[in-house]
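Colleague: Here it is, the structure, as structure tokens.
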Amino acid sequence: MKKLTIGLFGFGTVGQGLYTVLQNSKTVDAQIKRICIKNKDKKRSVDAHLFTANAADILDDPEINLVVELIDNANDAYAIVKGAMQRGKSVVSGNKTMLAFHLQEMIELQQRHNVALLYDASACGSIPVIRNLEEYYDNDLLTSLTGILNGSSNYILTKIFQEGDTYTHALKEAQDLGFAESNPTFDVDGFDSLYKLVILTLHAFGTIVNPNEVFNFGISNLQPCDIQFAREKGRRIKLVARVGKVNNDTITLYVMPRMLTPDLYIYGVEDEYNGVVIRGKYYDKQFMFGKGAGALPTGSAVLSDITAQFHDYRYEYKKYNEPTPPHYVTNNEVEVYLRYNNSKDFEQFVFTEIFEKYSSKEYSYVIGKIPLCNLLSIKHLIPKMDIFLATMRS
Ligand SMILES: NC(=O)c1ccc[n+]([C@@H]2O[C@H](COP(=O)([O-])OP(=O)(O)OC[C@H]3O[C@@H](n4cnc5c(N)ncnc54)[C@H](OP(=O)(O)O)[C@@H]3O)[C@@H](O)[C@H]2O)c1
């Protein structure tokens, strides 16, 4: 009878969540044998003899046949996940940053060492997006995936739009509640959403895209005038990640705030929840919704990856293995709202069409179309600009 002997890396939010979920599940014969953490002097809530600060205690233990990697450091996670697979151990990982930058190598390592690497927990927490993309949407009908993939920024935006909170206060509250990290850049500037989007793009379309080549812009420059603009137009601002087909052979992707109208499913995704809308040629649209973060929701997703591994499930990367997955292009145009305070900043943006313009002493805005490649070419300059950017439609 098969038994999973688990070596767990990380005992933070998700590691502890998994521990609790696993204690309360009888689905699989799985037992955590060792837990590797960083700081061996930290007080732990479970048996001290389980803990080690030496990765080799797990990686070199022949009895451990599954490594579960739930640490917060992408470089260390890369070494752990790679080292485990090289030793013939299957792996479950929640580390979107590490995965997004190493997808190709991770696929090759699985093939070379005949092991599985499962990571449904890395994107959208408890919502089973990746496995659905792999299994149900395993054909060429899918045309786009649009989602709110980051719970912290969504929590902040909900407080602003529902309760009239300020950005600074809502961010502080998100940090106090443990939704946002003490350095919130990863969440609020769209990097977390970007890395998840890159992973989802592989499973939705079979295309591996370098995260550095994708445009991401977050919500940290949001000002009261942007909020007022959205309110006056009956819209809500949310941080949205999108990948979609441009034509049969090409896809495009980006992460940007979006001015959402009430008819859209993701308009109603509030607080720390995530929501993903999948569009297809003949089935119009479908919507997945659920908790995208937190100890127990994410722990549940990790358990699901563990049980999938128990039943010898592997991602087949069917679309990636097709002869010609679509290419990533950036010559398409996006319709944006650009608010700026300095005309020098505005001059960096190449509008091909302008629909609306407003100018006052305090601020100005323009609504119009910009080629995505223009945004990408000034990506490095944008953090220094006093602007806010949001798409008006996808
Ligand atoms: N939090 C969420 O809701 C959520 C949702 C989905 C995915 N994820 C992903 O899950 C992973 C873990 O997130 P988290 O929120 O649980 O992080 P966390 O609360 O910060 O905990 C991180 C854990 O990793 C350990 N650690 C760090 N470097 C290590 C190393 N080199 N070797 C061994 N252990 C090490 C830390 O050890 P010490 O305890 O000794 O400090 C700590 O136990 C991340 O990749 C995150 O992106 C998180």
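Colleague: Among the residues that make up the stretch 152-162, is at least one of them away from the ligand (no atom under 11 Å from the Cβ), within 23 Å of F217 (Cα to Cα) and without any contact (Cβ under 8 Å) to a residue 24 or more places away in the chain?
Modeller: Quick first cut of the stretch 152-162, residues away from the ligand (no atom under 11 Å from the Cβ) only: 153-162.
So of that shortlist, the ones also within 23 Å of F217 (Cα to Cα) come out as 153-162.
The next check asks that each one be without any contact (Cβ under 8 Å) to a residue 24 or more places away in the chain; those that pass are 159.
Checked against the condition, which is being away from the ligand (no atom under 11 Å from the Cβ), within 23 Å of F217 (Cα to Cα) and without any contact (Cβ under 8 Å) to a residue 24 or more places away in the chain, the stretch 152-162 yields at least one hit.
Okay, residues lined up against (1) within 25 Å of D345 (Cα to Cα); (2) touching a Pro at 6+ places or on another chain (Cβ under 9 Å); (3) surrounded by 23 or more Cβ atoms within 10 Å (Cβ to Cβ):
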position	(1), (2), (3)
V214	yes, no, yes
S220	yes, yes, no
Q223	yes, no, no
K238	yes, yes, yes
N248	no, yes, no
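Colleague: So, of the residues in the stretch 1-19 that are more than 24 Å from the chain's Cα centre (by Cα) and of a type outside the set (G, A, S), which turns out to be surrounded by the most Cβ atoms within 10 Å (Cβ to Cβ)? Full working, then the answer.
Modeller: As a first pass, look at the stretch 1-19 and keep what is more than 24 Å from the chain's Cα centre (by Cα): 1-7.
Narrowing the set further to residues that are of a type outside the set (G, A, S) leaves 1-6.
Working: M1: 3, K2: 10, K3: 11, L4: 19, T5: 16, I6: 21.
In this case the residue turns out to be I6.
Colleague: Search the stretch 97-110 for residues being of a type outside the set (A, V, I, L, M) and within 20 Å of S193 (Cα to Cα), and hand back the single one that is farthest from the ligand (Cβ to nearest atom).
Modeller: It comes out as Q104.
Colleague: Same structure again: For the stretch 361-394, give me each residue that is small (G, A, S) and at pLDDT 95 or above.
Modeller: First, the residues of the stretch 361-394 that are small (G, A, S): 364, 368, 377, 390, 394.
Residues satisfying the conditions are S364, G368, S377, A390.
Colleague: Being closer than 25 Å to K238 by Cα and in a helix (DSSP H, G or I) is the filter here, so list the residues in the stretch 319-353 that pass it.
Modeller: Within the stretch 319-353, D345, F346 qualify.
Colleague: Go through the stretch 129-151 and give me each residue that's within 13 Å of the ligand (Cβ to nearest atom) and either within 19 Å of E69 (Cα to Cα) or in a helix (DSSP H, G or I) (or both).
Modeller: Scanning the stretch 129-151 gives V129, I130, G151.
Colleague: From the list S304, S300, which one is within 30 Å of D140 (Cβ to Cβ) and surrounded by 15 or more Cβ atoms within 10 Å (Cβ to Cβ)?
Modeller: Within the list S304, S300, the selection yields S304.
Colleague: Out of the residues in the stretch 22-49 meeting the condition of being more than 13 Å from the ligand (Cβ to nearest atom) and β-branched (V, I, T), tell me which one is nearest to Y78 (Cα to Cα).
Modeller: I32
Colleague: Taking interchain pairs and intrachain pairs at least six residues apart, which have beta carbon atoms under 9 angstrom, with the first residue in the stretch 71-82 and without any contact (Cβ under 8 Å) to a residue 60 or more places away in the chain and among the hydroxyl-bearing types (S, T, Y) and the second in a loop (DSSP other than H, G, I, E, B) and near the ligand (Cβ under 9 Å from one of its atoms)?
Modeller: Sorted first by the residue in the stretch 71-82, then by its partner, the pairs are Y78/N95.
Colleague: Give the residue that is farthest from N216 (Cα to Cα), with candidates limited to residues of the stretch 106-151 that are surrounded by fewer than 22 Cβ atoms within 10 Å (Cβ to Cβ) and of a type in the set (F, W, Y).
Modeller: Y136
Colleague: Can you find a residue in the stretch 165-175 that is under 21 Å from G12 (Cα atoms), within 12 Å of the ligand (Cβ to nearest atom), of a type outside the set (S, T, N, Q) and modelled with pLDDT under 90?
Modeller: Within the stretch 165-175, not a single residue is under 21 Å from G12 (Cα atoms), within 12 Å of the ligand (Cβ to nearest atom), of a type outside the set (S, T, N, Q) and modelled with pLDDT under 90.
Colleague: Hey, can you tell me all the residues within the stretch 50-78 that are near the ligand (Cβ under 8 Å from one of its atoms) and of a type in the set (A, V, I, L, M)?
Modeller: Within the stretch 50-78, A53, A55, L70, I71, A74, A77 meet the criteria.
Colleague: List every residue pair whose Cβ atoms sit under 8 Å apart, with the two residues 6 or more apart in sequence or on different chains, where the first one lies in the stretch 168-193 and is aliphatic (A, V, I, L, M) and the second, anywhere, is modelled with pLDDT under 80.
Modeller: Taking only residues 6 or more apart or on different chains, the pairs are L171/A180; A174/A180; V188/A180.
Colleague: Could you tell me whether any residue of the stretch 83-96 is within 9 Å of the ligand (Cβ to nearest atom) and surrounded by fewer than 19 Cβ atoms within 10 Å (Cβ to Cβ)?
Modeller: Narrowing the stretch 83-96 to residues within 9 Å of the ligand (Cβ to nearest atom): 93-96.
Remaining after also requiring surrounded by fewer than 19 Cβ atoms within 10 Å (Cβ to Cβ): none.
The answer is no; no qualifying residue exists.
Colleague: With (1) modelled with pLDDT under 95; (2) touching a strand residue (DSSP E or B) at 6+ places or on another chain (Cβ under 9 Å); (3) more than 30 Å from Y313 (Cβ to Cβ) as the list, and V188 as the residue in question, which single condition is left unmet?
Modeller: Result: V188 passes all but (1).
The values are calculated or read from the model by the stated rules, or taken from the named source; none is laboratory data. Note that the structure is a prediction, hence the values are computed from the model and not measured. All Cβ positions, even for glycine, are placed from backbone atoms using ideal geometry, and neighbour counts span all protein chains on display.
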